[in-house]
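One structure below.
The values are calculated or read from the model by the stated rules, or taken from the named source; none is laboratory data. All figures in this text were calculated on a predicted structure; none of them were measured in a lab. Here the Cβ is made from the backbone with ideal geometry for all residues, glycine too, and neighbour counts use every protein chain on show. When the accessible area is computed, the model is the full protein with side chains, heavy atoms only, and any ligands, DNA or RNA have been set aside. Shrake-Rupley method; radii C 1.70, N 1.55, O 1.52, S 1.80 Å.
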Amino acid sequence: MKKEIEMKIRNLPVAIKREVLDYVEFLLRKYPVGGTPKGKFKFNWSGGLSDIKGKVTSVELQHKAMEWR
């Protein structure tokens, strides 16, 4: 598929090649290589409240979250 894409791009006028480059850059931002696909849940927050474990109950956290909204 790579060779087919290269061949087709090679036959385009320079101005259109710039548009193709812009579109490819847009796609790379939208779908980062090795990144989390858009809409997928990340767990990078996991363990973020471990320092308050045992000091605050889940109900107290729920009440605090309601205050923040």
Answer in debye to the nearest 20: the dipole magnitude of the chain about its Cα centre, from +1 Lys/Arg and -1 Asp/Glu charges placed on Cβ, is 200 debye
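Of the accessible area of the chain, with the probe set at 1.4 angstrom, what percent is carbon plus sulfur?
Carbon and sulfur atoms account for 61 percent of the accessible area of the chain.
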For the chain, take the longest principal axis of its alpha carbons; what is the angle in degrees between that and the long axis of helix 14-30, to the nearest 10 within 0 to 90?
20 degrees
Rounded if a/c is under 1.5, else prolate if a/b beats b/c, else oblate: with a ≥ b ≥ c from the C-alpha gyration tensor eigenvalues square-rooted, which is the chain?
prolate
Using a 1.4 Å probe, what is the accessible area per residue for the chain, in Å²?
102 Å²
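Counting helices only, and only those DSSP H runs with n ≥ 4, report the 222 nm mean residue ellipticity of the chain as the sum of -39,500 (n - 2.57) divided by its residues, in deg cm²/dmol to the nearest 500.
When only DSSP H runs of four or more count, the value is -17000 deg cm²/dmol.
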